[in-house]
Amino acid sequence: MLGFCTFFITAIPAIILGIIGLVKIGKSGGKLKGNGFAIAGIVVPTVSGLFVLPMMLGIMMPALARVRQISFRMVCGTNMSALGKAMLIYSNDYDDIPIPPKWCDLLIEHADVSPLMFRCKGATKGPCNYAMNKNIEKLDAERAPPDMVLLFETHPGWNQTGGPEILTTDNHQGDGCNVLFVDLHVEFVKTEDLDDLKWKPD
């Protein structure tokens, strides 16, 4: 990458100097020679750049795509964290977590949550890309283990509940997914570690 950057740093002055040289030679009325060198100073960097630029793009594009995916992952996790805080507000007000069959509606109605918070940035569609662990409904918040799954990423829907059978990693190119745990911390869990998630109390 450093070599590519150095190439452009040296190529641009060479082209400029070549143009200046041609102009001066043209104005000299034949007194100055060196048309060939001046033209070479323009042509060689230009032609070389046509070969180098695609190589640079080929190297940089995957890296830029990766950075974009990481930013999507972070925004998705931030949204999930906001939903966790909204659940805490709801549970403080109503002494219980939102019931799974209506959890999205209840958070919007009673915890001042924007519908945009239910969208994962990495998803292409859907009103909500998160689902609630169906086993949470059978527990009160105080008896649920802190490392138990509360919310997780899933395919588009609304008020979804379920377990690992509806979890998806598609929003992050199969690398994993964000998970909100009962203790309200969010973690990006890699695909190879998803089998270790706790869906039920011990």
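Coordinate-derived values only; no laboratory data. Computed from a prediction, not measured in an experiment: that's the story for all the values here. Cβ coordinates were reconstructed from backbone atoms using ideal geometry, including for glycine residues, and neighbour counts include every protein chain displayed.
Test of understanding: ordering Leu197, Leu116, Leu150 by Cβ neighbours within 10 Å, fewest first, what list do you get? Kindly include the intermediate steps, with their values, before the conclusion.
Details: Leu197 19, Leu116 9, Leu150 24.
Ascending Cβ contact count within 10 Å gives the list Leu116, Leu197, Leu150.
Read phi for every residue in region 162-176 and hand back ³J(HN,Hα) as whole Hz from Karplus 6.51 cos²θ - 1.76 cosθ + 1.60, θ = phi - 60°, with x for Gly and Pro.
Whole-Hz 3J(HN,Hα) from phi for region 162-176: x, x, x, 5, 10, 5, 9, 10, 5, 5, 10, 6, x, 6, x.
When all alpha-carbon pairs of region 74-196 are counted, what percent fall beyond 20 Å?
On the way: 2537 of 7503 pairs.
Taking all Cα-Cα pairs of region 74-196, the fraction more than 20 Å apart is 34 percent.
Which of the trypsin sites (Lys or Arg not before Pro) across region 127-198 are loop residues per DSSP, with 10 or fewer other Cβ within 10 Å?
On the way: sites: Lys134, Lys138, Arg143, Lys190, Lys198; in loops: Arg143.
Within region 127-198, the qualifying trypsin sites (Lys or Arg not before Pro) (loop, at most 10 other Cβ atoms within 10 Å) are Arg143.
Kindly write out, for region 67-72 in residue order, the coupling ³J(HN,Hα) from the Karplus curve 6.51 cos²θ - 1.76 cosθ + 1.60 (θ = phi - 60°), rounded to whole Hz, with x marking Gly and Pro.
4, 4, 5, 5, 5, 4
Could you list Cys76, Cys177, Cys128 so that the one with the fewest beta carbons within 10 Å of its beta carbon is first and the one with the most is last?
On the way: Cys76 24, Cys177 29, Cys128 21.
Sorted ascending by nearby Cβ count, the order is Cys128, Cys76, Cys177.
When the dipole is taken about the Cα centre of region 121-202, and only Lys, Arg (+1) and Asp, Glu (-1) are charged at their Cβ, what size is it in debye, to the nearest 20? Each step should come with its number before you reach the end.
Values: 8 positive and 15 negative charges, 76 e Å.
That gives region 121-202 a dipole magnitude of about 360 debye.
Hey, can you grab everything whose amide H is under 5 Å from the amide H of Leu150? Only 5+ residues off in sequence or another chain; H modelled, so Pro and N-termini drop out.
Leu180, Phe181, Val182
Sorted from fewest to most neighbouring beta carbons within 10 Å, what does the list Phe152, Phe72, Phe118 look like? Could the numbers behind the result be given before it?
Details: Phe152 27, Phe72 17, Phe118 23.
Listed from fewest to most nearby Cβ atoms, that is Phe72, Phe118, Phe152.
Please report the relative contact order for region 74-196, taking Cα pairs under 8 Å with a sequence separation of at least 6, and give it as a percent rounded to a whole number. Could the numbers behind the result be given before it?
On the way: 221 pairs, mean separation 31.6, N = 123.
That works out to 26 percent.
Determine the distance separating the Cα centre of region 73-111 from the Cα centre of region 185-202; give it in Å without decimals.
20
Rounded to whole Hz and in sequence order, give me ³J(HN,Hα) for region 91-101 from the Karplus expression 6.51 cos²θ - 1.76 cosθ + 1.60, θ = phi - 60°, writing x for Gly and Pro.
Here the 3J(HN,Hα) series is 5, 5, 7, 10, 6, 6, 7, x, 5, x, x Hz.
So which GluC sites (Glu not before Pro) in region 93-202 end up in coil per DSSP with only 14 or fewer other C-beta atoms within 10 Å? Present the calculation step by step, with values, prior to reporting the outcome.
Working: sites: Glu109, Glu137, Glu142, Glu153, Glu165, Glu187, Glu192; in loops: Glu142.
Loop-located and lightly packed - Glu142.
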